[in-house]
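Participant: First the structure, which I've put down as structure tokens, then a few questions once you've had a look.
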Amino acid sequence: MSRTARVLAAAALLLLFGGALLFLQEGGGGARGAAAPVDLTTSTSCRACHQDVWDEWAASWHAQAYTDPLVLAPAQSDNFRKEECLPCHAPAPVFESGLGKQRVFERVTERELGVDCLSCHRAHDRVVGPASAAAGAATAACAPEPTLALASPALCAPCHNQHTTVDEWEASSYAKAGVTCLDCHMQPVTRTRPDGSTRPGRSHLFPGGHDLATLQRAGTVEHAVESLPDGSRQLRVQVTNSGAGHNYPADARHRALDLVITLLQHDGIAVPPRDSGRGYGRERGTARRRFRNPYREETERLTNLERYGRENTQIIAGETLSLAVPFDPAVVASARIELIYKLTPIQLDDEGVRVHDATVPLR
Ligand code: HEC
Ligand code: HEC
Ligand code: HEC
Ligand code: HEC
Ligand code: HEC
């Protein structure tokens, strides 16, 4: 036998052996409940009995992780030609690769389901369920094993700590108070069983940066007019991360939050570009500050570098950052204060989402 043939034969044997093991494992699952065991090779098998969970998940970004046009874009995964993008966007079960700081493995089947049921709920030959199991769970076809770790941030970490979201949470007052990812991202819901009885559940929508209501809970915007020692005045706008349990904007990728202040004259028109020597800002009487984690491409985008600098300006949980703009009360009557959330740093102001937009008189 040639060397290649020997390797091939060995590989074939391994495959056969592996197949037999799988077969044995699946057969073994039946012993746990009277019902036929659930097919743990595909998430679609969960749908028949958990349609409500399925519908929430299908509307979530977890379900779009492999089909999201932003991820498929040529400059991004390039239709996943960049294979290093596969692990978190089409993951194998994290209970098998390991929670916390462990690396996620890519899945080879049904990648289009993205972060699917099995990614979070399969541990080899069994289904992982909440620690306090619902009545009837033990004898259900899926026989979920009560597991404390399912509710812990360590479940999210293999995928969400790439850009330190879980570390940020750990360092925040929320962690100390026992407020976890689930409290803010998996709202309690009531599930109805086929017989009409109910049990508590948790929404699988996982709202985040694409959801306006979640964004509006993240921050508080306040303003005050300050008199300086030389008699001049300035408007100070403060943005507080009052509702996100980690840096705001949370960011595994490219998010930006722009604070834009536009000074308005008595006639309501924006103050013209600086010509009087009084610096109101950079563009037509506006001043800006960007909150973000510096992006990888920024090294190539000189404009952003010049404008926003290299440092990380995300707002830490509980922290307040501000922007002050001097103004001349004889010219300026009011100011428009906008806080604009952008899914990518290159979005224009009008493409972003205004989480705050108010025009306030300045007296
Ligand atoms: C043949 C029906 C059936 C299938 C298929 C099924 N389950 Fe279940 N599952 C149940 C029933 C019944 C319960 C008990 C709770 C209830 O009555 O809603 C349950 C409970 C659970 C629980 C625990 C609920 C709790 O609060 O304790 C989890 C988690 C779960 N299933 C996940 C899955 C996953 C993941 C799949 C797919 C791999 C799956 N199930 C497939 C019927 C099913
Ligand atoms: C370690 C896990 C991990 C890897 C590897 C990974 N991602 Fe992600 N990606 C995530 C998570 C988690 C999110 C969502 C969380 C967030 O945006 O804060 C995300 C979100 C994104 C988004 C934003 C999607 C949207 O709708 O706004 C893009 C784009 C993206 N990833 C591209 C990539 C590309 C390109 C690669 C490969 C170079 C990659 N990712 C590799 C975990 C990962
Ligand atoms: C196996 C990997 C993986 C695990 C585990 C995981 N996620 Fe995600 N999550 C992702 C990816 C990938 C995305 C981005 C999908 C996209 O937009 O393309 C994402 C997106 C999100 C979003 C953003 C939605 C938006 O609007 O952009 C939130 C919120 C989120 N996940 C929360 C969680 C929480 C909380 C946990 C733990 C309970 C968790 N995830 C576990 C991979 C994972
Ligand atoms: C990103 C990870 C993640 C994904 C994806 C996911 N789940 Fe869950 N699931 C959880 C967590 C976390 C809990 C809550 C655990 C707790 O409360 O202890 C949960 C709870 C449940 C429960 C019990 C509570 C309820 O609302 O009924 C069921 C049933 C369930 N999941 C089924 C599914 C099914 C079916 C899918 C696929 C359509 C799915 N899950 C996808 C993480 C996930
Ligand atoms: C106190 C509530 C709270 C807690 C706790 C919390 N979050 Fe968030 N999270 C938010 C809010 C509000 C936003 C929207 C603002 C933002 O993007 O920062 C958000 C946004 C996100 C996003 C969206 C990112 C995107 O790009 O769309 C992800 C992912 C996320 N959180 C993951 C987590 C994980 C993982 C944990 C636990 C380690 C967690 N969150 C804990 C409130 C919370």
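The values are calculated or read from the model by the stated rules, or taken from the named source; none is laboratory data. As the structure is a computational prediction, the values presented were derived from the model and not from experiment. All Cβ positions, glycine included, derive from the backbone under ideal geometry; neighbour counts span all protein chains shown. For the accessible areas, the whole protein counts, side chains as well, though only heavy atoms, and no ligand, DNA or RNA atoms are used. Shrake-Rupley method; radii C 1.70, N 1.55, O 1.52, S 1.80 Å.
Participant: Can you tell me which residue in the range 88-115 is modelled with the lowest pLDDT, limited to those that are part of a loop (DSSP other than H, G, I, E, B) and among the basic types (Lys, Arg)?
Facilitator: Out of the qualifying residues, it is Lys101.
Participant: What number of residues within the range 116-170 are farther than 11 Å from Phe95 by Cβ and part of a helix (DSSP H, G or I)?
Facilitator: Here the count works out to 14.
Participant: Does Gly245 meet the test of being open to solvent by less than 20 Å² (accessible area, probe 1.4 Å), touching an Asp or Glu at 6+ places or on another chain (Cβ under 9 Å) and part of a loop (DSSP other than H, G, I, E, B)?
Facilitator: yes
Participant: Return the pair list, or none, for Cβ contacts closer than 9 Å from residues in the range 144-160 that are closer than 7 Å to Leu99 by Cβ and assigned by TED's automatic domain parsing to the domain that holds Trp61 to residues that are more than 14 Å from ligand 5 (Cβ to nearest atom) and open to solvent by 30 Å² or more (accessible area, probe 1.4 Å), at least 6 apart or on different chains.
Facilitator: Short answer, once both residue conditions are applied: Ala149/Phe95; Ala149/Ala131; Leu155/Phe95; Ala157/Gln102; Pro158/Gln102; Pro158/Arg103.
Table: residues versus (1) within 14 Å of ligand 5 (Cβ to nearest atom); (2) assigned to a helix (DSSP H, G or I); (3) open to solvent by 80 Å² or more (accessible area, probe 1.4 Å).
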position	(1), (2), (3)
Val179	yes, no, no
Arg191	no, no, no
Gly196	no, no, no
Gly201	no, no, no
Phe206	yes, no, no
Gly209	yes, no, no
Ala213	yes, yes, no
Val225	no, no, no
Val239	yes, no, no
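Participant: Which one of the conditions (1) farther than 25 Å from Ser203 by Cα; (2) part of a helix (DSSP H, G or I) does Arg81 fail to meet, given that it meets all the rest?
Facilitator: (2)
Participant: Kindly establish whether Ala90 is among the hydrophobic types (A, V, I, L, M, F, W, C), more than 16 Å from ligand 1 (Cβ to nearest atom) and open to solvent by less than 70 Å² (accessible area, probe 1.4 Å).
Facilitator: yes
Participant: Follow-up question, since we're still on this one. Would a scan of the range 129-152 turn up a residue that is out of contact with any Pro (no Cβ under 7 Å at 6 or more places or on another chain), open to solvent by 60 Å² or more (accessible area, probe 1.4 Å) and more than 16 Å from ligand 1 (Cβ to nearest atom)?
Facilitator: The answer is no; no qualifying residue exists.
Participant: Taking the stated definitions as given, is Pro194 out of contact with any His (no Cβ under 7 Å at 6 or more places or on another chain) and either within 13 Å of ligand 2 (Cβ to nearest atom) or without any contact (Cβ under 8 Å) to a residue 60 or more places away in the chain (or both)?
Facilitator: yes
Participant: Among the numbered conditions (1) modelled with pLDDT of 95 or more; (2) of a type in the set (Lys, Arg); (3) closer than 24 Å to His163 by Cα, tell me where Arg122 comes up short.
Facilitator: Unmet condition: (3).
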